[in-house]
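Peer 1: Next up is a structure, given as structure tokens.
The values are calculated or read from the model by the stated rules, or taken from the named source; none is laboratory data. Note that the structure is predicted; figures quoted are calculated from it, not measured. Here the Cβ positions follow ideal geometry from the backbone for every residue, glycine too, while neighbour counts run over all protein chains shown. Remember, those area values only see protein heavy atoms, side chains included, never the ligands or the DNA or RNA. Shrake-Rupley method; radii C 1.70, N 1.55, O 1.52, S 1.80 Å.
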Amino acid sequence: MPILVPNTENFVAAPSRTQPGGWLAAASRYTKLLLLSLVLVNAHGALAQTTVSVPAAQPLSGGTLSVGLGTDTAIIDPSITGSSITAVITRNIVDSLVGQAEDNSFTPWLAERWEINGDHTQYTFHLRKDVTFSDGTPFDAEAVKYNFDRILDPKTTSAYAKSLLGPVESIVVSDPDTVVIRYSKSFSPLLQGLSLPYLGIQSPTYLKNTPSTTNTVVGSGPFILDSFVKGSGSTLSKRQDYNWGPGYAAHKGAAYLDSIVFKLLPEASVRLGALNSGQLDAIDNVPPANYRSVQANDKLQVVTRENPGVNTAFFLNTSRGPFEDVKLRQAFQSAVDVKSAVQAAYFGSLKPADNIFGPSTLYYDPAVASLWGYDVEKANRLLDEAGWKVRDTDGYRTKDGKRLTVRYVYDSADKSAEEITLAQAVQFQVKQAGFDLQLVPVDDGSYTAALESNDYDINSFWYVRAEPDILRTVFHSIYAPPAGANSSRTKSLDDLLTRAVGASDEERRELYAKAQKEIITEAYAVPLYVAAYQLGASKKLQGISWATNAKPNFYDAWFER
């Protein structure tokens, strides 16, 4: 609040850092004067008053930001992975054609301006002329074309990035500073996809001369990747000549921080201990059991951003095994007490999901919540109707001598302790209805092989994107593994999701409402919780902004002295 002081000729201005006697002495005199002034205001309410605001702290340059990460990424090239950890790290390394502010508006970035034709089949981008990559090579329209052609090339295996670009017909370089992307059919979600680091622009010279980009990336961003070691972390250093940040940024020029160090610390207690001791400045995945205590610490802060997009869910494989039968899928869904399971795992720090979409996703339909929920009587009735009437001595249902078993195969290195606790809670709950849910932890290679060979009943993940077109990535048949993330292996939504891409705003709302309803009522998935990025940080860390994919941006970040 502003401070009210008497309007007196003896009032002096706030001291400067160069004032004789030093800042501390001057600040002390200033504080005493303010206190005296407040006393005078109380004593003489009739005095004329002047409003004086205490100046806000100004950003300072310098320092190394140390961030502890709870999970790892196997690939640092954002073009060939959908990893959220890769997105957090490389947002500092690669720039995008357009930016998306926290209010969802689009701002210039590498593209100064753009035009879109009436039916969203042609996008023309006019590029900045002063941008270079960190290897010294220039950014231009040819660089944009090379990056997007690489992503569209099937040999690159850019499943997620390719889905963001959509069904591109052609990419044309009109002149060195103009690139045109054309579609044979309307494609409305392009700008939102372009704002994400997965479509960030990398140096063509680097890409052409690097056989494997798994461990390296060269972009035009405010930081340079010095090193990335899987299982350890990443080190980034400031690019001194950077001067082309996104339109939503709070400042221009080089980043304030000198460097950023991302450290992999999967043990929650170790991560939190390092934050409390000052060895780390920030951590992700604040341990749910310690969430309240971190909030109460006067030296720390917890900032939570709920993810837009597809909520964390169990995706039920409709193409094989028990879940080919819709009644078994609906029974499993009804047997899960989502609220209790999420509370047991996350102690109230995350919200239970009531839909496949998170609430902050465009066209999220709150009416879907009333279409499903925990109902063990319904689960038992559906299982009886499906012919699974007999239980064995362990309480599991059987049919023709075969137990009702479903396998949840997961990458053990990719799941947190809380996610395992959640799965175990669900395992206990569905047993009450007679399901034998088996948790099958495997390594990364075996997990990928299981998806590709269709050897699983349940997969679990979440996808962050504010644009509802993310449903196409997760539920369209062209993205069934290994081509993408359609672990439910559904086909019935193909036409609807394809039409929604080029429809008008009102039509899109109606189509995505239908999709949300079908996903729940046909039990293609069991939504579990609204994933959120929970950043625990020192209160000295200032200036963090947030991307619409609920990830922190460190370009504007600085340390308060």
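Peer 1: As an exercise: evaluate residue 142 against (1) surrounded by 14 or more Cβ atoms within 10 Å (Cβ to Cβ); (2) touching a residue at least 60 places away in the same chain (Cβ under 8 Å) and give the number of the one condition it does not meet.
Peer 2: (1)
Peer 1: Quick check: is even one residue across the range 96-116 more than 16 Å from the chain's Cα centre (by Cα), open to solvent by 10 Å² or more (accessible area, probe 1.4 Å) and closer than 30 Å to residue 277 by Cβ?
Peer 2: no
Peer 1: Of all residues in the range 349-406, which are over 29 Å from residue 471 (Cα atoms), assigned to a loop (DSSP other than H, G, I, E, B) and touching a Gly at 6+ places or on another chain (Cβ under 8 Å)?
Peer 2: Residues satisfying the conditions are 388, 395, 396, 404.
Peer 1: So, in the range 74-95, how many residues would count as being part of a helix (DSSP H, G or I), open to solvent by 20 Å² or more (accessible area, probe 1.4 Å) and more than 19 Å from residue 203 (Cβ to Cβ)?
Peer 2: 1
Peer 1: Would it be correct to say that residue 305 is farther than 24 Å from residue 539 by Cβ and either in contact with a His (Cβ under 7 Å, 6 or more places away or on another chain) or open to solvent by 50 Å² or more (accessible area, probe 1.4 Å) (or both)?
Peer 2: Against the criterion (farther than 24 Å from residue 539 by Cβ and either in contact with a His (Cβ under 7 Å, 6 or more places away or on another chain) or open to solvent by 50 Å² or more (accessible area, probe 1.4 Å) (or both)), residue 305 does not qualify.
Peer 1: Out of the range 492-507, which residues are part of a loop (DSSP other than H, G, I, E, B) and open to solvent by 10 Å² or more (accessible area, probe 1.4 Å)?
Peer 2: Across the range 492-507, the qualifying residues are 492, 503, 504.
Peer 1: Write out, first by first residue and then by second, each pair whose Cβ atoms fall under 7 Å of each other, whose residues are 6+ apart or on separate chains, and whose first residue, in the range 225-240, is open to solvent by 60 Å² or more (accessible area, probe 1.4 Å) while the second is in a strand (DSSP E or B).
Peer 2: Close Cβ pairs (under 7 Å, with a partner that is in a strand (DSSP E or B)) amount to 226/235; 226/236; 226/237; 232/264.
Peer 1: When you scan the range 255-278, do you find a residue that is among the hydrophobic types (A, V, I, L, M, F, W, C), open to solvent by less than 10 Å² (accessible area, probe 1.4 Å) and farther than 17 Å from residue 535 by Cβ, even just one?
Peer 2: yes
Peer 1: Name every residue in the range 534-547 that is out of contact with any Asp or Glu (no Cβ under 7 Å at 6 or more places or on another chain) and in a loop (DSSP other than H, G, I, E, B), in order of residue number.
Peer 2: 539, 544, 547, listed by residue number.
Peer 1: Over 23 Å from residue 533 (Cα atoms), among the basic types (Lys, Arg), modelled with pLDDT under 95 and not in a loop (DSSP other than H, G, I, E, B): which single residue out of 113, 29 fits that description?
Peer 2: Step by step, each of 113, 29 is checked, and only 29 is over 23 Å from residue 533 (Cα atoms), among the basic types (Lys, Arg), modelled with pLDDT under 95 and not in a loop (DSSP other than H, G, I, E, B).
Peer 1: Also: Which numbered condition in (1) modelled with pLDDT of 95 or more; (2) outside any helix (DSSP H, G or I); (3) open to solvent by 10 Å² or more (accessible area, probe 1.4 Å) is the only one that residue 526 fails?
Peer 2: Single failed check for residue 526: (3).
Peer 1: Open to solvent by 20 Å² or more (accessible area, probe 1.4 Å) and in a loop (DSSP other than H, G, I, E, B): does that describe residue 489?
Peer 2: Yes, satisfied.
Quick grid of which residues meet (1) touching a Phe, Trp or Tyr at 6+ places or on another chain (Cβ under 7 Å); (2) outside any strand (DSSP E or B):
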| site | (1), (2) |
| --- | --- |
| 413 | no, yes |
| 425 | no, yes |
| 433 | no, yes |
| 446 | no, yes |
| 449 | no, yes |
| 456 | no, yes |
| 461 | no, no |
| 474 | yes, yes |
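Peer 1: Another one. Run down 104, 92 and say which single residue is modelled with pLDDT of 95 or more, within 16 Å of residue 553 (Cβ to Cβ), out of contact with any His (no Cβ under 7 Å at 6 or more places or on another chain) and not aliphatic (A, V, I, L, M).
Peer 2: Only one candidate passes the filter, namely 92.
Peer 1: Going by what's in this entry, would residue 287 be described as farther than 19 Å from residue 60 by Cα, surrounded by 21 or more Cβ atoms within 10 Å (Cβ to Cβ) and at pLDDT below 95?
Peer 2: So residue 287 passes the test.
Peer 1: Quick one: in the range 99-126, which of the residues that are in contact with a Leu (Cβ under 6 Å, 6 or more places away or on another chain) and aliphatic (A, V, I, L, M) is farthest from residue 544 (Cα to Cα)?
Peer 2: Only one residue fits best here, namely 111.
Peer 1: For the range 424-473, give me each residue that is among the small types (Gly, Ala, Ser), open to solvent by less than 70 Å² (accessible area, probe 1.4 Å) and at pLDDT 95 or above.
Peer 2: 425, 433, 434, 446, 449, 450, 460
Peer 1: Then there's this: What residue, among those in the range 511-561 that are closer than 30 Å to residue 57 by Cα and among the aromatic types (Phe, Trp, Tyr), is farthest from the chain's Cα centre (by Cα)?
Peer 2: Only one residue fits best here, namely 559.
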